[in-house]
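Input: a single structure, listed below in structure tokens.
The values are calculated or read from the model by the stated rules, or taken from the named source; none is laboratory data. Given the structure is predicted, the values throughout are model-derived calculations rather than measurements. Neighbour counts run over all protein chains shown; Cβ positions are idealised from the backbone, glycine included.
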Amino acid sequence: MSFHIALSLRITHDYWSDEAPPLRIVPHSPTAFASIGLLAKPATARLDVVAETKYLEEPVTVTLAVIADEGEVAQLTSGADWTTCPRADLTSDTASTTAVLSDIVTNGEVPRAPGDPLFLIDVSLPATGQRDVDLHCPSVAAIWAYHIIGKSVDAPLQITDQKAQVNFEDAGQTALPNGTPARVLRSTQPIALQRRADTRFALEQTQEPPFDPITLVPVLPAAGTNLRPIPGGSPDTTMQSDIFVSLW
């Protein structure tokens, strides 16, 4: 018997950065897979497909299922309607490929049911040789809304970015569910979420010239995964992540 690796597929994700995302890639139909002499060798966010060479006499298309091992993966991934089971198309050729999920995915036609995969992948395998595929998933972006509570809630506050890439606006005061007043400073544009964000935002209290601002919090915490529609916006548009900072 002669075997060779026909496909090496790896999935990366902006949110998990250099770490493997909590995904499993498996044959959608193990029976159909085995019937053409294919063997799946999975690892976290990776799949090698081993072919028995005598059975793979011409290019073949197989369907793979991507399973999420953490429930929040869908809400952290942009580019598809996750209320369905989307389908990614990697069938145009059998060459090695680097692709972005949002560029090759088509939304499903029926609502997702419990136990359904996160998405499916149709991928073509070459008759000979190995196809390497890197599939990248972009992270969802959200408005970062810092809710400042405590003694400085009425002070002249601002948030600055050490990299001078992100601007923040003062959205005024709001009341938390327990009635506590909070000052809201939020980014003017959505920021991609990351598990280990490299952002360096500082909370400052401004003073009259010529005095420099007073740094209250040198490095603010990064946004989390508690996403909700931005107040005043449509549920189908921009999301917001609320971050709470106490200055008691």
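If the condition is being of a type in the set (Ser, Thr, Tyr) and touching a residue at least 60 places away in the same chain (Cβ under 8 Å), then the range 71-95 contributes Thr77, Ser78. On the stretch given as the range 108-134, residues that are modelled with pLDDT under 95 and part of a loop (DSSP other than H, G, I, E, B) total 13. I'm checking my understanding of the structure. Among residues of the range 71-104 that are among the hydroxyl-bearing types (Ser, Thr, Tyr) and in a loop (DSSP other than H, G, I, E, B), which one is farthest from Arg131 (Cα to Cα)? Per the stated criteria, the residue is Thr83. Looking across the range 135-162, the residues that are assigned to a strand (DSSP E or B) and either more than 30 Å from Gln173 (Cα to Cα) or of a type in the set (Ser, Thr, Tyr) (or both) come down to Leu135, His136, Cys137, Ser139, Tyr146, Thr160. For the structure I just gave you, tell me whether Val100 is crowded, with 20+ Cβ neighbours inside 10 Å, outside the structural domain of Gln189 (by TED's automatic domain parsing) and closer than 19 Å to Glu19 by Cα. When the stated conditions are applied, Val100 does not pass them. Here the condition is being surrounded by 13 or more Cβ atoms within 10 Å (Cβ to Cβ) and not hydroxyl-bearing (Ser, Thr, Tyr); of Gln207, Gln173, Gln165, it holds for Gln173 alone. Exactly one residue out of Ser139, Ser234, Ser241, Ser246 is among the polar types (S, T, N, Q), out of contact with any Leu (no Cβ under 9 Å at 6 or more places or on another chain) and at pLDDT 95 or above: that is Ser246.
For the range 74-92, the count of residues that are surrounded by 15 or more Cβ atoms within 10 Å (Cβ to Cβ), of a type in the set (Lys, Arg) and at pLDDT 95 or above is nonzero. Among the candidates Val184, Val133, the residue that is surrounded by 12 or more Cβ atoms within 10 Å (Cβ to Cβ) and within 30 Å of Asp93 (Cβ to Cβ) is uniquely Val133.
Just need a number here: residues in the range 1-22 that are of a type outside the set (Phe, Trp, Tyr), assigned to a loop (DSSP other than H, G, I, E, B) and surrounded by 18 or more Cβ atoms within 10 Å (Cβ to Cβ). Selection size over the range 1-22: 2. The criterion of at least 3 residues that are touching a strand residue (DSSP E or B) at 6+ places or on another chain (Cβ under 9 Å), of a type in the set (Asp, Glu) and in contact (Cβ under 8 Å) with a residue 60 or more places away in the chain is met by none of the strands (runs of 3 or more DSSP E) wholly inside the range 194-248. For the range 89-116, the set of residues classified as among the hydrophobic types (A, V, I, L, M, F, W, C) and in contact with a Leu (Cβ under 7 Å, 6 or more places away or on another chain) consists of Ala99, Leu101, Ile104, listed by residue number.
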